[in-house]
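The values are calculated or read from the model by the stated rules, or taken from the named source; none is laboratory data. Only a predicted model underlies this, so the values are computations on that prediction, with no experimental measurement involved. Cβ sites come from the backbone with ideal geometry, for glycine too, and all protein chains shown count toward neighbours. Ligands, DNA and RNA are excluded from the accessible area calculation, which covers all protein heavy atoms including side chains. Shrake-Rupley method; radii C 1.70, N 1.55, O 1.52, S 1.80 Å.
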Amino acid sequence: MFEKILIANRGEIALRVLRACRELGIHTVAVHSTADADAMHVKLADESVCIGPPAAKDSYLNIPAIVSACEITGAEAVHPGYGFLSENARFAEILTEHDIKFIGPSAENIRTMGDKIEAKRTAKALGIPVVPGSEGGVATVDEARKVARDIGYPVIIKATAGGGGRGMKVARNESDLEVAVSTAQTEAKAAFGNGDVYIEKYLEKPRHIEIQVLGDGKGNAVHLGERDCSLQRRHQKVWEEAHSPALNAQQRDEIGGRVARAMAKLGYEGVGTIEFLYENNEFYFIEMNTRLQVEHPVTEMITGLDLVQEQIRVASGSPLAMTQEDIQFAGHAIECRINAENAQTFTPSPGRVDSVHFPGGLGVRIDSALYSGYRIPPYYDSLIGKLIVFGKNRTECMMRLRRALSEFVVEGVETTIPLFQRLLAETDIIDGNYDIHWLEKFLARNAS
Ligand code: ADP
């Protein structure tokens with residue numbers, strides 16, 4: 001087992017990793033930008049190193065500074081959290097070259113899955129169902145037209161290098177196509193420095209259901225069930241739950257088993273998520289995330305496993321400590337992503353948190369690096385905490401969530417807590433009856 005791990009991240013996820021390390025008796029090194037000198041992850045770590053100025057590209061994305069921090073402190077491994085360098089294959093390679101363990105899959109697996117076309121090809125070859133679409137990228141409108149005629153409209157044009165829901169355009173018919181392709185290419189070029197795009201059938205009313213996997217890189221892999229992340233705003237997840245209100249145990253075993261077998265075949269190491277759109281009882285692969293996800297706690301709540309500790313164990317060379325039969329699901333969990341934003345306009349609201357009071361009690365978990373007097377810097381993501389609630393079934397979970405939200409107080413900045421209170425009054429939410437467009441429609445109705 002490692003003796004010292006450097007956490008190459010900030011905010012709630014840095015704290016999450018720190019907690020896992022501490023329980024395993026591993027020393028922690030925090031890194032931070034000058035804007036984060038007073039951050040909770042810095043205060044709680046055993047050691048900390050300032051790695052640069054506020055802009056992420058100069059600090060949390062600054063590979064040489066992070067490698068130096070490892071060398072100065074003698075950290076043997078790096079946990080990348082999510083975002084920042086967590087899916088950067090080059091970072092994983094550089095660490096390996098410096099004899100530092102990257103806690104995550106091989107650079108090769110990261111690279112394959114980070115290229116959406118390669119990922120889709122690999123998934124298909126491994127027996128995972130994919131969305132019908134172009135075999136590779138489409139370079140011209142003519143090519144796009146051909147594919148679209150084949151699969152039928154509507155279609156969606158997506159960036160090969162995509163992420164965060166950017167660079168996607170829907171074409172409902174042939175006359176939309178030309179503009180959709182060129183805008184997608186331009187946006188992709190601007191956002192990712194790579195204008196390559198591909199085409200998929202646009203699914204009208206899917207749910208977003210993803211399967212959590214864990215592999216040891218030695219040919220063993222298990223699935224930890226699914227999460228339903230259909231409630232999204234601008235393709236960004238807002239609320240996640242496990243299990244999905246739409247799946248039964250047999251469907252879960254079927255798709256989960258298929259994905260676990262695929263990951264075993266790939267020799268996948270660490271945690272990963274295979275994302276699907278789900279419509280009319282069919283699963284369609286959209287992408288794989290080769291890292292820990294924001295929403296991992298809902299899986300932890302229903303399996304009783306600590307996913308970060310499992311990541312660290314397999315990274316240290318241990319084989320999987322469990323077989324599929326050992327994994328038992330119990331109860332229901334929901335996560336609300338709380339952002340420092342206005343709950344109506346979603347305008348960011350950084351600044352001083354005058355006071356914060358977290359809810360507590362049975363079945364309530366808060367993953368947050370907030371504290372009273374903390375100043376939320378304007379430079380990073382506006383996620384300030386996650387409220388995760390567990391109940392023995394979905395009904396109890398929803399009742400508890402309502403109660404927990406009523407206790408949650410943040411003063412000094414605006415938060416999205418009121419949005420969740422409004423959602424809990426909606427019949428569709430109470431019934432679990434929603435798809436990936438539900439939230440946008442709800443917000444549009446309530447804005448007018
Ligand atoms: P990103 O990496 O940018 O998050 P994804 O491929 O994961 O991109 O897609 C993000 C979201 O975009 C999905 O959760 C879904 O809401 C929507 N989306 C992607 N592909 C399709 C599709 N073929 N049909 C309908 N919606 C889609």
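Key figures for this structure:
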quantity: Looking only at segment 150-195, and only at residues there that are assigned to a loop (DSSP other than H, G, I, E, B) and more than 10 Å from the ligand (Cβ to nearest atom), the one that is nearest to residue 135 (Cα to Cα); calculated: 160
quantity: Matching residues, segment 312-330, being open to solvent by less than 10 Å² (accessible area, probe 1.4 Å) and either assigned by TED's automatic domain parsing to the domain that holds residue 22 or touching a helix residue (DSSP H, G or I) at 6+ places or on another chain (Cβ under 8 Å) (or both); calculated: 312
quantity: Residue that is nearest to residue 429 (Cα to Cα) [pool: residues in segment 186-233 that are of a type in the set (Asp, Glu) and more than 14 Å from the chain's Cα centre (by Cα)]; calculated: 204
quantity: Criterion violated by residue 148 - all others in (1) loosely packed, with under 15 Cβ neighbours inside 10 Å; (2) touching a Leu at 6+ places or on another chain (Cβ under 8 Å) satisfied; calculated: (1)
quantity: Filter pass, residue 291 being within 16 Å of the ligand (Cβ to nearest atom), in the same structural domain as residue 431 (by TED's automatic domain parsing) and either open to solvent by 10 Å² or more (accessible area, probe 1.4 Å) or at pLDDT below 95 (or both); calculated: yes
quantity: Flag if residue 101 is within 16 Å of the ligand (Cβ to nearest atom) and either open to solvent by less than 70 Å² (accessible area, probe 1.4 Å) or more than 30 Å from residue 73 (Cβ to Cβ) (or both); calculated: no
quantity: Scan of segment 119-142 for residues that are open to solvent by 20 Å² or more (accessible area, probe 1.4 Å) and touching a Ser or Thr at 6+ places or on another chain (Cβ under 8 Å), ordered by number; calculated: 122, 137, 141
quantity: Any hit, segment 106-118, residues being of a type outside the set (A, V, I, L, M), more than 17 Å from residue 290 (Cα to Cα) and not in a loop (DSSP other than H, G, I, E, B); calculated: no
quantity: Segment 378-408, residues that are open to solvent by 60 Å² or more (accessible area, probe 1.4 Å) and among the β-branched types (Val, Ile, Thr); calculated: 395
quantity: Failed criterion for residue 348 (all others in (1) touching a Pro at 6+ places or on another chain (Cβ under 9 Å); (2) open to solvent by 30 Å² or more (accessible area, probe 1.4 Å); (3) more than 17 Å from residue 418 (Cα to Cα) hold); calculated: (3)
quantity: Single match in 225, 219 (criterion: farther than 14 Å from residue 311 by Cα, open to solvent by 10 Å² or more (accessible area, probe 1.4 Å) and not hydroxyl-bearing (Ser, Thr, Tyr)); calculated: 219
quantity: Check on residue 156, outside the structural domain of residue 261 (by TED's automatic domain parsing) and under 24 Å from the mean Cα position of the chain (by Cα); calculated: yes
